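Remarks on the structure that follows.
The values are calculated or read from the model by the stated rules, or taken from the named source; none is laboratory data. As the structure is a prediction and not an experimental result, all values here were calculated from the model. Ideal geometry is used to build each Cβ from the backbone, glycine not excepted, and the neighbour counts take in all protein chains shown. To get the accessible areas, we keep the full protein, side chains included, count just its heavy atoms, and leave off ligands, DNA and RNA. Shrake-Rupley method; radii C 1.70, N 1.55, O 1.52, S 1.80 Å.
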Amino acid sequence: RRGLIKRALGPRTVKRHGAKLFELLPTRVNALWQADVTYVHIPVVWTDPQQSDFEAFEHAMSQQPDSKTLVHCIANFRVTAFYSLYAQKHLDWSEEQANTFRAQIWQGSSYPVWEEFIADLKATFSR
């Protein structure tokens, strides 16, 4: 299908067909977005991450085929937090692996709200 497809994937998650994604972006058309790419936008309030944000990320990841997946955010903080949690929960990463992965971006930064968010989610994994 060509054109814009909107389908709810989970809480506050929208899936858009990449062929028309360029209409949503503020910059000029990029070849990647002209290809048959699926874009999933998960809005996260930086100062107030929620478990439902991570659950939306989990759901979006579970819908991806077994192929390469590009996961990104503007500064890579949210994505490294979510992916390290996802990998620890679903891909058998150790806590050390998850922390090392996150440290590449987070080292030297102090975001107590996110540290608490990450710790709270990790605590649910061992239950």
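I'd like to verify a number: residues in region 85-127 that are small (Gly, Ala, Ser), open to solvent by 50 Å² or more (accessible area, probe 1.4 Å) and assigned to a helix (DSSP H, G or I), how many?
Adding up the residues that qualify gives 1.
Residues are listed down the side, and each one gets a yes or a no for (1) over 16 Å from residue 115 (Cβ atoms); (2) at pLDDT 95 or above; (3) surrounded by 14 or more Cβ atoms within 10 Å (Cβ to Cβ):
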| residue | (1), (2), (3) |
| --- | --- |
| 54 | no, yes, yes |
| 61 | yes, no, yes |
| 65 | yes, no, no |
| 70 | yes, no, no |
| 73 | yes, no, yes |
| 83 | yes, no, yes |
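Need the failing condition index for residue 17 against (1) at pLDDT 50 or above; (2) touching a Leu at 6+ places or on another chain (Cβ under 8 Å), just the number.
Exception for residue 17: condition (1).
For residue 71, work out the one condition from (1) touching a Leu at 6+ places or on another chain (Cβ under 8 Å); (2) in a loop (DSSP other than H, G, I, E, B) it doesn't fulfil.
All conditions are met except number (1).
Would a scan of region 56-74 turn up a residue that is among the aromatic types (Phe, Trp, Tyr) and more than 19 Å from residue 109 (Cβ to Cβ)?
Start the filter on region 56-74 by keeping residues that are among the aromatic types (Phe, Trp, Tyr), which leaves 57.
So of that shortlist, the ones also more than 19 Å from residue 109 (Cβ to Cβ) come out as 57.
Checked region 56-74: at least one residue is among the aromatic types (Phe, Trp, Tyr) and more than 19 Å from residue 109 (Cβ to Cβ).
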